[in-house]
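The values are calculated or read from the model by the stated rules, or taken from the named source; none is laboratory data. Everything numeric in this text was worked out from a predicted model, so none of it was measured. Backbone-built Cβ (ideal geometry, glycine too); neighbour counts: all protein chains shown. Heads up: the accessible areas ignore ligands, DNA and RNA and are worked out on the full protein's heavy atoms, side chains in. Shrake-Rupley method; radii C 1.70, N 1.55, O 1.52, S 1.80 Å.
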Amino acid sequence: MLDKIQGGLIGVAVGDALGATTEFMTKDEIKAQYGKVTEIIGGGVWGLAQGETTDDTAMTLAVVKGIMANPNDPIEEIGKEFLLWEKTDPVDIGITIRTVFGNYKGDWFQAAEEAHHQLGGLSAGNGTLMRCLPIALAYSEQTKIDEISITQSKMTHYDDLASEACVIYNRIAKRLLEGESLHQAIQTEIKHTRYESNYEAEPDCPPDGYVVHTMKWVLYWLTNCETFEEVVVGATNAGHDSDTVAAIAGGLKGMEVGYRNIPAKLSNALLEQRSLLDYAERLYEIRNKEC
Ligand SMILES: [Mg+2]
């Protein structure tokens, strides 16, 4: 169980660090500049150090810390962690969350609704899907996982498409912790959802920040790749929102294979590997107390 929880957090961070090198590039630009990115090398649009991660991992850790601060009712604490992250002046805050931070005056849900309207009704970004995994790692009860997944999404993203994706994703994660195979868990949880049809085929949309596109590409990589490395390398070399797609897909694949089966050349490259493993242990302890 702990190995799977650690695999989830490390999987997110590896996908983030690997994919950040090619974020906002097209497939052809990546090919021309790098051939193929297979190792964590940093650089990219954010000029990252080797092994550095971006907002995907930072916001995932904000959710982790919020859960640790108050496992029974983590939403307010998660909000405090978001504000602490904003204070570090990160360069890579997504447009939806940047707008919500601008609006925030004590009520996240109101700030999110205002942002939705300011952005012309567009708040179905992937910014809540990329950070929601810790909820499925810390809790075992379905209704609690669903409820917190939805609420944390609504804090910044008003659109139901964003929270819907978080629920599906964390239900898949829950099944992985219960010992189901990834393919079986995906099949079960996307049944009767918008993601059901043709999910194994290459999506006819770019792997961009729209959560429906992101989710389609995540399902594509997870159902077409054998190994963890193939999943995150595939998403990385497809470009666009590569770090986020690789982080989201890497989280579930990391859980399936477990931390010990994530290639050491990838996990050891992470600057925050030790603290991520410690945070995973804290989630594991919370989960055991909840049971
Ligand atoms: Mg990012």
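Quick notes
- The single residue among ASP92, ASP56, ASP16 that is touching a Phe, Trp or Tyr at 6+ places or on another chain (Cβ under 6 Å), touching a residue at least 12 places away in the same chain (Cβ under 8 Å) and not small (Gly, Ala, Ser) turns out to be ASP92.
- Listed here are the helices (runs of 4 or more DSSP H) enclosed by the stretch 1-101 that have at least 2 residues being surrounded by fewer than 24 Cβ atoms within 10 Å (Cβ to Cβ) and of a type in the set (Gly, Ala, Ser): 55-69.
- Complete set of residues in the stretch 224-233 that are open to solvent by less than 20 Å² (accessible area, probe 1.4 Å) and either acidic (Asp, Glu) or closer than 19 Å to ASN198 by Cα (or both): CYS225, VAL231
- Number of the condition not met by ALA249 [criteria: (1) touching a Ser or Thr at 6+ places or on another chain (Cβ under 8 Å); (2) under 23 Å from TRP46 (Cα atoms)]: (1)
- One residue stands out in the stretch 117-135 among those that are away from the ligand (no atom under 16 Å from the Cβ) and in a loop (DSSP other than H, G, I, E, B): the one that is surrounded by the most Cβ atoms within 10 Å (Cβ to Cβ), namely SER123.
- Count - residues of the stretch 49-77 that are within 13 Å of the ligand (Cβ to nearest atom) and either of a type outside the set (A, V, I, L, M) or at pLDDT below 95 (or both): 7
- Residue in the stretch 236-251 that is touching a strand residue (DSSP E or B) at 6+ places or on another chain (Cβ under 9 Å) and of a type in the set (A, V, I, L, M, F, W, C) present: no
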